[in-house]
Amino acid sequence: MAACDYCADAEKGEKIFEDESVVALMSSQPASRGHVMVFPREHYTILEQVPDFLVGHLFAVANTISTTIFEILRVHGTNLIIENGTAAGQKTAHVAINIIPRSENDGLGFNWQPKQFTDDEMATAVLQLQEASKNVGAFEEEKKTPLSLDKEDTALPKASEDDYFLRQLHRLP
Ligand SMILES: [Zn+2]
């Protein structure tokens, strides 16, 4: 038996999209028509646990599906929402991007009243976050599977690859 609802859904269910690492399907509790959930096939509770290369792929898939929703369902906008932690409204302990199609005056409430903070409160928060954000950009890369030297039939012959680039060079004026 699967550990959580999304892990179970990844095994069955009608999917909008799937590959080896990401699954997208219609939300069972849609905020609007066309509400899609995009989540990693592997079980991660919150975004912090997802490796960077998978975060990138997850958002690339979500962006493509969001674009498709715009074109096919002819909506005016989409919200991409991650409920990261129970305090943020997360009910299933498996990280997911909600893609919620939006239309003018659809009555969905994702707006908030801006709050006022003192200059000191804001300056302190800025300093703390700047310091803590110094590692942003140090991305975790996917581990490459080493090429097997035994499989000669699948390996690209080195010589012909070189020839190809040489031919390209010779074409240069
Ligand atoms: Zn799960």
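The values are calculated or read from the model by the stated rules, or taken from the named source; none is laboratory data. Just so you know, these numbers come straight off a predicted model, no measurement behind them. As a convention, Cβ positions derive from the backbone with ideal geometry for all residues, glycine included, and neighbour counts pool all protein chains shown.
So here's what we get for this one:
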{"quantity": "Residue within the range 80-102 that is away from the ligand (no atom under 16 Å from the Cβ) and of a type in the set (S, T, N, Q) present", "calculated": "no"}
{"quantity": "Residues being over 10 Å from the mean Cα position of the chain (by Cα), of a type in the set (A, V, I, L, M, F, W, C) and crowded, with 18+ Cβ neighbours inside 10 Å - total across the range 32-49", "calculated": "2"}
{"quantity": "The range 28-47, residues that are within 16 Å of the ligand (Cβ to nearest atom) and modelled with pLDDT of 95 or more", "calculated": "Met37, Val38, Phe39, Pro40, Arg41, Glu42, His43, Tyr44, Thr45, Ile46, Leu47"}
{"quantity": "Residue that is farthest from the ligand (Cβ to nearest atom), among those in the range 1-24 that are closer than 16 Å to Ile99 by Cα and either modelled with pLDDT under 95 or of a type in the set (Val, Ile, Thr) (or both)", "calculated": "Ile16"}
